[in-house]
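Working notes, beginning with the structure itself.
The values are calculated or read from the model by the stated rules, or taken from the named source; none is laboratory data. Please read these numbers as outputs of a predicted model, since none were measured by experiment. Neighbour counts are summed over all protein chains in view; Cβ atoms, including those assigned to glycine, are modelled from backbone coordinates with ideal geometry. Please note that ligands, DNA and RNA were not included when accessible areas were found on the heavy atoms of the full protein model with its side chains. Shrake-Rupley method; radii C 1.70, N 1.55, O 1.52, S 1.80 Å.
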Amino acid sequence: MIDTHCHFDFSPFRESPESYWQAAREKGVTRMVVPSVSEDNWSAVLSLTERLHGVYAGLGLHPCFLDAHTDTSLDKLERALSARPTRCVAVGEAGLDFVVANQNTAQQRQHALLEGQLWLARHYDLPIILHSRKAHNPLLRAVKAYPGIRGVLHAFSGSEQQGKQFIDAGLMLGVGGTVTYSRAQKTRRAIAQLPLEHLVLETDAPDMPLAGFQGKPNTPSQISRVADVVAELKGCDKDHLMTETSDNAERLFGFD
């Protein structure tokens with residue numbers, strides 16, 4: 001299995017990344033993508049790719065960390081991407097979050113950073129990892145303004161119609177802990193109907209805990225439980241689901 005979105009440079013993982021990665025591998029995780037949130041943690045994320053076989057990085061500017069971004073952050077990101085190592089396989093985490101940005105000025109800054117990262121992703125022919133909260137339509141318009149863009153909308157929690165819109169715009173959908181909650185009926189129905197060739201699995205660890213594990217840090221080992229639920233929703237064998245979603249991730253990120 002491939003965890004396409006895990007913040008493995010965050011606590012509790014940063015204290016003992018080798019042990020957590022070994023635990024994940026014992027559960028069948030073979031690769032993992034670690035997106036970054038600001039220039040402050042690019043080096044930490046890249047360091048993990050050197051220390052741990054099967055771990056890959058994304059370099060980006062997260063919309064929820066506006067205070068960490070400066071007027072030169074996009075220029076620094078371009079320089080980092082131009083000199084990126086092989087295991088840097090994506091731009092991101094980028095996107096829009098209108099929960100934390102409820103003022104026009106903050107939303108405008110998020111838009112500018114998103115536009116810059118979409119441009120960089122297309123320029124360097126890299127997939128982009130996108131975050132969205134309360135910003136479906138603005139994010140969709142921004143993505144569609146860059147024909148040929150590819151990437152993943154992580155932590156998908158929308159309707160079937162919304163999922164198809166992002167698929168049509170060139171994105172895959174990251175499926176994580178949300179689908180393990182029985183109350184998430186809209187998203188569970190959407191995942192049941194959306195084409196498997198456009199889905200990838202993720203944990204968003206240490207965030208987005210699964211049902212029954214609220215209040216505990218999420219871990220990449222939990223990807224197996226996500227796969228169990230998605231296989232049930234899709235009405236398919238778990239091995240088939242793991243093969244298909246891993247193939248999708250391999251195709252998207254082009255792992256070495």
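Taking a Cβ cut-off of under 13 Å around A249, the surrounding Lys, Arg, Asp and Glu residues balance to a net charge of -3, with basic ones at +1 and acidic ones at -1.
When the chain is treated as a GNM with alpha-carbon contacts under 10 Å, the residue of P17, P35, P147 showing the greatest mean-square fluctuation is P147. As a fraction of the 1.4 Å probe accessible area of segment 42-99, surface on carbon and sulfur atoms comes out at 49 percent. Using the Cα coordinates of segment 22-63, the gyration tensor eigenvalues translate into equivalent-ellipsoid semi-axes of 22, 11, 7 Å, sorted from longest to shortest. Among the listed pairs K76/K144; K144/K186; K164/K234; K76/K164, a Cα-Cα separation exceeding 28 Å is found for K76/K164. Taking Lys and Arg as +1 and Asp and Glu as -1, the other residues whose beta-carbon sits under 12 Å from that of D67 total 0. Local charge for G148 was computed over the other residues whose Cβ lies under 10 Å away, with Lys and Arg +1 and Asp and Glu -1, and equals +1.
Here the dipole of segment 176-256 is about 540 debye; that uses its Cα centre as origin and unit charges on the Cβ of Lys and Arg (positive) and Asp and Glu (negative). Residue order by solvent-accessible surface for F255, F13 is F255, F13, largest first, with ligands and nucleic acids left out and a 1.4 Å probe. Residues W42, W119 ordered from highest to lowest accessible area at a 1.4 Å probe: W119, W42.
Computed about the Cα centre, the dipole magnitude for segment 101-256 is approximately 760 debye when only Lys and Arg (+1) and Asp and Glu (-1) carry charge, each at its Cβ. The Cα atoms of segment 145-219 give a gyration tensor whose axes a ≥ b ≥ c have a/c of 1.5 or more with a/b no greater than b/c, which makes the shape oblate. Rounded, prolate or oblate: which fits segment 30-109, taking a ≥ b ≥ c as square roots of the Cα gyration tensor eigenvalues, rounded meaning a/c under 1.5, else prolate when a/b beats b/c? The shape class here is prolate.
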